[in-house]
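Here, each number is a calculation from the coordinates, and none is a lab measurement. Here the structure is a predicted model, which means the values were calculated and not measured.
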Amino acid sequence: MKIKLNVALVLLLTILTHAAEAEMRYVSDVLYVPLRSGQTIEHRIVHRGLKSGTEVEIMDQNEDASWLNVKTRSGIEGWIQTQYLLNQPIARHRIIEINQKLDQLKSSGGDQVKKLVELQEETNKLRREKKSLDKSNSTLSRELTHIKKVSANAIRIDEANNELIKKNQLMEIEIEQLKAERDKFENDNTSEGLKYGALIMIVGLFIGLIAPMLRTSRPTSGWA
């Protein structure tokens, strides 16, 4: 009898320990999800539909964790696709829990209500500050964009100015070259003119010297 009692206590402790360590999941907000006997949609349905928010205990999973072996509170066990389970209750249930907690706070006394009001005011204050910061950030973003545009224009203007300076320097060099060529041409023309003038003078002098000699040596004609 004592041995049976000890065995029963061990089994009870094992069950309680398993219950304490068991991982719990909740059916997601997708109406009803079927529970199957295996890890594919071809396996037999053991429960036609677990309602959204149903709490299930995780018993096992397949290799890629796409299917989980679960157990309901009523003891029904089967396989369900992981995508249909959540780590916490669905939003609707959580909202209900939050509202219940709020009701408890309101009913717990004036201090709790006052604290709730203060928290609400603090929340509103933070929202206003956030709105102001968002507005400031927007203004700063516009100013930064403007500064970037101005900087870009200044860079382009500076580059264009440098290009004009280079072109102007090249033009000045070309002008100096043209002036040098013109001066050379003028000097060459002057030299040629002097040469021609000297030649004309020499020819003139030569003619001046030869002409009298030609007149002297010309034979005179006699009259009978």
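What to note about this one:
- For K167, the lysines whose Cα comes closer than 23 Å to its Cα, not counting residues fewer than 8 places off in the same chain, are K179.
- Aspartates and glutamates with Cα under 17 Å of K51, excluding same-chain neighbours fewer than 8 positions away: D29, E77
- Hits among lysines - C-alpha to C-alpha of K125 under 30 Å, sequence gap 8 or more where chains match: K101, K106, K114, K115, K135
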